[in-house]
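Computed from the coordinates by the stated procedures, all read-outs in this text should not be read as laboratory data. Remember, it's a predicted structure, so these values are computed and weren't measured experimentally. Because the Cβ atoms are built from the backbone with ideal geometry, glycine has one as well, and the counts that use them run over all protein chains shown.
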Amino acid sequence: MMIFLKLLLLLSTQVGASSLSPFLPRCPQAAAFLHRGYPAVPEGNVRFLARSTVNRVRLKQGASLSTPLPLSPLAASSQSFISEQSSYLLPAVKLVGEHNPSLEPILCALRKVPYFRFYSVDVLGSCEHLPQESIECYTESCEIYPVEPEDVPPEMMQIDGAEYEFELDGWARWDMPTEDYYDTLEFPEEYTGYDGSDVWHFIHDKICFNLPDDGRTWQSDFNKAVSGLHTMISAQVVRGIEKKQIADPDDDDVKHLNVRAEFDRRLGPGGTTPQALENLYFTYMLLLAAVTKARGRLLADSGPGKIDSESHDGIREALANPLFSNNDGDDSPVWAASHRLHDHAVEGGVENLWSARQRTRDLMRIMNCVQCNKCRLHGKIGAEGLSTALQILLGRAGDGEDPDRIHRVEIAALITTLGKFSTTIEYCSKMLKEP
């Protein structure tokens, strides 16, 4: 059926959906597939999606396939993407716009130090969540290689090994550490051409809660946070396309792609996920709040004689940014998302938070279904960073977790993911200002 649906979708882009409409009532599944929005993919096969998905969006808006692509639908104001339902985010969006430009280069520098740079991950783990064909990404841009063991600080390897444990009801389970560590500086996130849409379909349909986005429950907040993670990855894909085009305008993998069209399709209010940018800011605020609560742990781990004294000055400089509050955010709009999540969790019965922990564990495990090793590495870091933020903010009973009980790799993933979001915010701000 899926092969038939994809062929139908491809045909619709050539002859128009209206030509196929007489046949669609006989196949409701095909009609739904043809006219639904296609989720932004983490490392999309854009040769196919750039053609078919944009056309489907335009068809839904009543446009002809022969109509030229419009300019960006995003308004000049960086706050125009916040819905009325989420207007509580507006003060924080304004604050982020003022102070993120100075925070982003600090976080980028921190990502270059060993503490936030090396991760031991299992790139050979089996996919246990959905059936897959063997369609691995065999291009060089998908591959990663472990660093030499002597390049990894021995204290880091010792701590990771000592801290690893199986927790039945934990927020996430990081891979069992080995001598194989991978360098995110050597293998940064970029556009690889890999199509991970089946994984994202599974995440949104099976791992997230199947509830309306009414913004009134912690389950809705959880979905919003996961969508924010998806938005960050989608934005990194678009940014990667742009960087490759700048580096080599004749690159066959990207020269046919329109960066503006890709941004609007994946992230714009008229695209496949109208609330993508709103969700991006929501998740960024959760990460900022979690890092604020972990301030003491971060300063202790980067103090003199600790595992990574090289990051001490950078951590202190970052935490001095106004986006990090010293008093649990009572007077900071950045904490609006965190307080809302907490209040909803308490109202909804904190005994049900086990289902959130179950989902963050599955969010980590589904990354074993990503058939691009570089994408798998960064996907696992992002999933671990988000789950660590939720762990610090909610804990088991809605009152949060003691950051001193968080493992080193969880703290590292939290900061790395925060840095990814900060860079994404800056990139999206740039795209919002461009025509």
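Structure above, values below:
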read-out: Between segment 88-113 and segment 346-362, the Cα center-to-center distance that results, in Å; value: 29 Å
read-out: Length released on extending from His201 to Leu299, taking residue separation times 0.36 nm less the Cα-Cα span; value: 31.4 nm
read-out: Segment 75-432, relative contact order in percent, only Cα pairs under 8 angstrom and at least six apart counted; value: 31 percent
read-out: Inter-site label distance for Glu155 and Ser102 at 7 Å from Cα along Cβ, in nm; value: 3.1 nm
read-out: In order through segment 418-425: 3J(HN,Hα) via Karplus (6.51 cos²θ - 1.76 cosθ + 1.60), integer Hz, x for Gly, Pro; value: 4, x, 4, 5, 4, 5, 5, 4
read-out: Principal semi-axes in Å for segment 227-350 [√(5λ), Cα gyration tensor, largest first]; value: 34, 24, 11
read-out: Label-point gap, in nm, between Lys112 and Asp251 - each point 7 angstrom along Cα→Cβ; value: 2.1 nm
read-out: For segment 75-432, alpha-carbon Rg and Dmax in angstrom; value: 19.2, 56
read-out: Linear extension gain, Leu211 paired with Ser83, 0.36 nm per residue minus alpha-carbon span; value: 44.3 nm
read-out: Label-point gap, in nm, between Leu124 and Asp399 - each point 7 angstrom along Cα→Cβ; value: 4.6 nm
